[in-house]
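One structure is given here, and the rest of the page talks about it.
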Amino acid sequence: MMKVVKVKWVDAQCLEEWMDHEESEEYCQEEPAPSFTVGFLISESNTHVSVAQTYDEEHAANLWKIPRGMIVSIEVINEHEIIS
């Protein structure tokens, strides 16, 4: 069975614009916004989770390796067999 999962994780963020020191301090105090990745769970290890956004019987593509330290939650959306 192949699991389809939704991974909620927090990534590093960068703001590419000039701002005064007060504005920059306000921006830096804000919590980073979470990201969501949905895909086929390829593997899990102690260090990271690997998800493919495209998958068939012989190939996988659009692979994400998300470090465990960035992951907030993993939700199984569905488990199913890949159609042959």
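Points to keep in mind about this one:
- Some residue of segment 70-82 being in a loop (DSSP other than H, G, I, E, B), in contact with a Phe, Trp or Tyr (Cβ under 9 Å, 6 or more places away or on another chain) and either in contact (Cβ under 8 Å) with a residue 60 or more places away in the chain or acidic (D, E) (or both): yes
- Scanning segment 16-31 for residues that are open to solvent by less than 80 Å² (accessible area, probe 1.4 Å) and either touching a Phe, Trp or Tyr at 6+ places or on another chain (Cβ under 9 Å) or without any contact (Cβ under 8 Å) to a residue 12 or more places away in the chain (or both) turns up M19, S24.
- Residues of segment 57-69 classified as open to solvent by 80 Å² or more (accessible area, probe 1.4 Å) and without any contact (Cβ under 8 Å) to a residue 24 or more places away in the chain, total: 7
- Inter-residue pairs, beta-carbon under 9 Å, first within 14 Å of G69 (Cβ to Cβ) and part of a loop (DSSP other than H, G, I, E, B) and in segment 3-15, second at pLDDT 90 or above and not basic (K, R), 6+ apart: D11/P32; D11/A33; D11/P34; D11/S35; D11/I66; D11/M70; A12/P32; A12/M70
- In segment 32-56, the residue that is nearest to S73 (Cα to Cα) out of those that are open to solvent by less than 60 Å² (accessible area, probe 1.4 Å), among the aliphatic types (A, V, I, L, M) and assigned to a strand (DSSP E or B) is V49.
- Qualifying residue in segment 22-31 (condition: assigned to a loop (DSSP other than H, G, I, E, B) and over 9 Å from the mean Cα position of the chain (by Cα)): yes
The values are calculated or read from the model by the stated rules, or taken from the named source; none is laboratory data. Remember, it's a predicted structure, so these values are computed and weren't measured experimentally. Counting neighbours? That spans all protein chains shown, and the Cβs are built from the backbone with ideal geometry, glycine included. All accessible areas refer to the heavy atoms of the entire protein, side chains included, with ligands and DNA or RNA removed. Shrake-Rupley method; radii C 1.70, N 1.55, O 1.52, S 1.80 Å.
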